[in-house]
Structures are given as structure tokens and as C-alpha cells.
Amino acid sequence: MEKNINITLRIWRQKGPKEKGAFKEYSLQNISTESSFLEMLDVLNEQLINNGEDPVVFDHDCREGICGMCSLYINGHPHGPDEDVTTCQLHMRKFNDGDVITVEPWRSAGFPVIRDLMVDRSAFDKIMQAGGYISVNTGGVPDANAIPIPKANADEAMDAATCIGCGACVAACKNGSAMLFVSAKVSQLALLPQGRIEAARRAKAMLSKMDELGFGNCTNTGACEAECPKNISITNIARLNREFIKAKLKD
Amino acid sequence: MWLLNSSIGKKVVMSLTGLFLILFLTFHMSMNLVAIFSAEGYNAVCEFLGANWYALAGTAVIAAGAVLHILFALWLTYINRRARGKDRYKVSERPKEVEWASQNMLVLGIIVVIGIALHLYQFWFKMQFNEITGILPEVNPHDGYALIAETLGNPIMAVIYLVWFAAIWFHLTHGFWSAIQTLGWNNKIWLSRWKCISNIYTTILCLGFAVVAIYFGFIA
């Protein structure tokens with residue numbers, strides 16, 4: 001049922017990576033509960049621009065929950081209070097008239113703030129470059145059914161592959177650990193015969209890159225899984241641990 | 001050395017020392033229960049595990065396990081706090097799926113260490129250490145039963161021990177399955193099974209300890 005609500009936003013404003021940030025409050029009137037969270041921020045930015053102020057900088061792209069660009073730590077949860085959705089899929093019907101909504105950037109040493117709510121997540125790209133791929137020789141395309149893959153493995157690999165790399169796991173983790181992301185990326189390949197060949201090298205390379213970039217150590221709190229918009233399971237972390245320990249024992 | 005250099009390696013050290021300490025606690029709890037049934041039986045255990053070479057070697061291994069576990073905990077916590085960054089969240093909510101203990105392992109660990117210090121002073125110092133050094137000639141190092149009766153006979157002390165056991169319970173309900181998870185011995189089916197096993201095992205372990213404290217503090 002559509003209605004309009006009045007809200008107060010408490011948003012983190014920070015001019016640049018080195019500047020000191022602070023919270024600033026904004027009131028918004030007549031926000032439709034049908035609008036998405038990002039549309040509400042668009043309304044705010046339009047208001048700010050009309051008043052001659054700097055708009056709030058935030059990451060977004062596809063706005064349909066698949067690109068992994070949107071972030072935002074809303075009222076104590078990455079991607080907001082709704083379950084298993086990204087911020088762009090969060091709607092204002094989850095909020096009530098008169099609510100004060102606190103919006104913060106991902107806070108982690110691995111994701112430095114660029115400006116306002118936008119953080120630098122290129123660390124994830126560096127981890128992927130360290131080994132999140134399979135080496136293939138170009139040439140004729142092999143037949144898709146030439147290598148049989150058990151259904152259960154294919155399903156689990158597909159579940160791991162739904163990770164969009166948004167970084168909510170790092171944002172939710174009290175240790176700033178990227179283990180859920182790395183484990184999903186290791187699992188999606190380790191479970192399939194094509195990825196199996198380089199599995200040991202991949203696990204070692206991606207994990208050491210993760211450590212090098214200053215992410216923390218997993219203590220199995222499970223906050224990452226609880227906040228993940230794609231419901232990636234922490235059993236992937238067990239698989240990464242297994243792959244890594246096996247690889248190191250073999251060396 | 002990957003056990004020192006990599007994040008998973010450091011956690012493997014935490015897991016193995018943690019599981020080893022759980023095993024030690026299991027033996028310790030079983031021996032304590034003897035005290036409820038028989039004073040002579042308990043003192044026989046004390047004499048058997050006095051200051052023989054094997055008891056001393058065992059003590060050294062257990063101490064090494066505990067020290068490694070604590071040092072790695074401090075080291076990992078330092079790295080984790082640094083990884084979290086300088087700015088903290090203003091509003092942060094614990095998702096309902098996350099156990100309270102899992103986010104407070106260090107605090108619980110510190111309570112456990114304080115308990116260990118008290119416990120070592122009250123028992124180990126007067127028993128094994130006394131037997132080697134003869135520092136307290138008036139205390140018989142093999143009369144463990146009398147020591148328990150005297151120390152836990154004070155209900156306040158019994159309550160302090162019960163609080164200590166509660167902290168161990170919280171620490172282990174998360175620590176047990178978490179150690180298994182870190183060693184990679186987990187999957188979608190076993191995740192909930194290990195959590196259940198953790199809870200049951202830890203509860204039995206802590207009840208075993210608690211029964212002795214309650215018996216000597218409030219019944220005997």
C-alpha cells in the first residue's frame with residue numbers, strides 16, 4: 001500500500017580519503033514507500049543540488065541487485081535491514097514515518113573511503129587477479145557435455161558463483177576479513193573439474209593476496225553469511241581452509 | 001612457515017591448541033568427578049599425577065598449548081583490529097544468526113585466564129609445584145581431596161568457580177565447532193551437526209566441573 005513518509009537521514013560526509021569525515025543530518029518530506037532506497041537518495045541529491053550544496057556520493061550501477069556496485073551500511077546492517085537483498089533492492093516500505101536512518105560507508109582498512117559513502121573496493125580485483133580464474137588455451141570450443149559434472153557439485157559451484165563481490169562480508173565482519181568473498185571465488189572453481197587443476201595454486205595465491213592487502217582473520221562469527229545479499233554459505237570458508245591446508249601440507 | 005605467515009596458518013595453530021585444551025579439560029573433568037565418590041580414589045590420582053617425569057612432561061605440553069593459544073589470540077586480535085580500520089560504525093547491530101560468544105571470544109578468554117591464574121595458585125602451586133620445590137612443607141601435595149574440601153568448601157569460592165565454568169562454556173560452544181571449521185572439516189550438512197555436538201559436549205564438560213564445585217560448596 002503506497003503512502004508517503006517523512007524521514008531524517010544521518011549521512012557520513014567525507015570530502016576525500018585523507019579528510020576527516022562527520023555525520024550530517026538531512027530531513028526528507030513525502031518520500032513514497034514504493035521508492036527504492038537509492039531513489040530516495042536521488043531525491044535527496046536533487047534537493048542538495050537545488051540548494052547549491054554538494055550531492056552525497058554513493059556507488060550504484062545496475063540497480064537490479066546483480067552488479068555488486070551498491071554498498072551502504074544502513075542502520076547497522078550492510079545493504080540495510082532487509083534480508084538477502086542489495087541496497088538497490090531495498091525499499092522505503094521497510095521504514096516508518098519519522099525514522100532516523102543512519103547511512104555509513106563500508107568501514108574497513110581494506111576498503112578506504114574515497115568520498116562520502118563511496119569506498120575503494122579495488123582490493124577485491126587484486127585478489128581476483130592473483131588467481132580467481134582458470135588458465136585456458138584459446139582454440140576450438142570444447143563440447144559442453146564432454147566432462148560430466150555431478151549435479152550436487154554444479155549446484156554448489158553455482159551457489160558460490162552468485163557472489164557479486166559487493167564487500168558486504170568485509171563490512172559486516174568485526175575482523176574486516178574477506179574470507180567469505182575469497183572462499184566463494186575459490187569454491188566456484190574448485191568444485192568443477194576445469195578449475196580443479198589449479199585449485200591448490202589458486203587457494204594459496206588468493207589467500208596470500210588477501211592477507212597482504214590488510215584484511216583480517218576469520219573467527220567464524222558468521223556475520224558475513226547473515227548479511228550477504230546473495231546468501232553465500234560459510235561452508236565455502238571451510239572449503240577454502242581445506243584447500244589451503246592441503247596445498248601447504250603437500251608443499 | 002605457513003603456520004606463522006598466513007591467516008589460515010595462524011588460525012590452524014589456534015584450532016589445534018584449542019582442541020588439545022578441550023581434550024585436556026575432558027581428562028581434568030573426569031578426574032575431578034572421582035572426588036565426589038571417593039577421597040582415597042582422588043588422592044590416588046593426585047599421587048599418580050604428582051611430580052613424576054611423565055606428569056611434568058605432560059604439564060609442560062599443556063602449558064605450551066595454553067601459552068601458544070593465548071599468544072596467537074592476542075596476535076590475531078591485533079591484526080583484526082587493525083584490519084577493521086580507524087573509524088568505527090556509529091550504528092551496528094548483531095544479526096540474530098550470530099552467536100554472542102563468537103564476537104566476544106577474547107573477553108571470555110581473558111576471564112578464563114584470570115580463573116586459571118587463581119586456580120593454579122590455589123591448587124597447582126600447593127600440589128605439583130610444592131612437591132618439586134617443597135616450598136610449603138605443611139601442605140601434603142598428595143592430599144588433593146583436603147585441598148578441594150578446604151578451597152571449594154567456601155561457598156563464595158564455589159560461586160567464583162561456577163562463574164569461571166560459565167565463561168568456559170561460552171568460550172567452548174563457539175570455539176569447538178569453530179576449530180573444526182578452521183581445519184576445513186565442514187560442509188553444509190556437518191555445519192549444524194558440529195554446532196550441535198559443540199553445545200552438547202561443552203555442556204557435559206562444564207556440568208562435570210560444576211557438579212564438583214556445587215557438591216563441595218553447598219552439599220558436602
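The values are calculated or read from the model by the stated rules, or taken from the named source; none is laboratory data. Owing to the predicted nature of the structure, the values given are computational and were not obtained by experimental measurement. Using ideal geometry, Cβ is built from the backbone for each residue, glycine included, and neighbour counts are taken over all protein chains shown. To get the accessible areas, we keep the full protein, side chains included, count just its heavy atoms, and leave off ligands, DNA and RNA. Shrake-Rupley method; radii C 1.70, N 1.55, O 1.52, S 1.80 Å.
Of the residues A:98, A:132, A:76, A:52, which single one is at positive phi and either buried (at least 20 other Cβ atoms within 10 Å of the Cβ) or within 19 Å of the chain's Cα centre (by Cα) (or both)?
A:76
In the set A:84, A:59, A:54, A:42, which member is out of contact with any His (no Cβ under 8 Å at 6 or more places or on another chain), within 15 Å of residue A:104 (Cα to Cα) and of a type in the set (D, E, K, R)?
It is A:59.
Count, please, the residues in the range A:161-209 that happen to be assigned to a helix (DSSP H, G or I), surrounded by 20 or more Cβ atoms within 10 Å (Cβ to Cβ) and over 15 Å from the mean Cα position of the chain (by Cα).
From the range A:161-209, those assigned to a helix (DSSP H, G or I) are A:161, A:168-172, A:179-190, A:193-196, A:199-209; that's our starting set.
In the following step, the residues that additionally are surrounded by 20 or more Cβ atoms within 10 Å (Cβ to Cβ) were identified as A:168-172, A:179-190, A:199, A:202-204, A:206-207, A:209.
Add one more test, that the residue is over 15 Å from the mean Cα position of the chain (by Cα), and what stays is A:186-190, A:199, A:202-204, A:206-207, A:209.
The total comes to 12.
Do you know which residues across the range B:124-152 are open to solvent by less than 30 Å² (accessible area, probe 1.4 Å) and more than 16 Å from residue B:48 (Cα to Cα)?
B:147, B:148, B:151, B:152 - these are the residues of the range B:124-152 that are open to solvent by less than 30 Å² (accessible area, probe 1.4 Å) and more than 16 Å from residue B:48 (Cα to Cα).
Go through the range A:114-129 and give me each residue that's open to solvent by 20 Å² or more (accessible area, probe 1.4 Å) and under 17 Å from residue A:165 (Cα atoms).
A:118, A:120, A:121, A:122, A:125, A:126, A:128, A:129
Residues being within 18 Å of residue A:176 (Cβ to Cβ), within 23 Å of the chain's Cα centre (by Cα) and assigned to a loop (DSSP other than H, G, I, E, B): count how many of those fall in the range B:87-103.
Residues that pass the stated criteria total 1.
Please indicate, with yes or no, whether at least one residue in the range B:192-207 is closer than 28 Å to residue B:103 by Cβ, touching a residue at least 40 places away in the same chain (Cβ under 8 Å) and open to solvent by less than 40 Å² (accessible area, probe 1.4 Å).
yes
With the checklist (1) open to solvent by 50 Å² or more (accessible area, probe 1.4 Å); (2) over 19 Å from residue A:226 (Cβ atoms); (3) of a type outside the set (Ser, Thr, Tyr) in hand, flag the one item residue B:69 doesn't pass.
(1)
Would you mind stating whether residue B:35 is assigned to a helix (DSSP H, G or I) and open to solvent by less than 30 Å² (accessible area, probe 1.4 Å)?
yes
Name the residue that is nearest to residue A:179 (Cα to Cα), counting only residues in the range B:48-86 that are more than 25 Å from the chain's Cα centre (by Cα) and not in a helix (DSSP H, G or I).
Once the filter is applied, the top-ranked residue is B:85.
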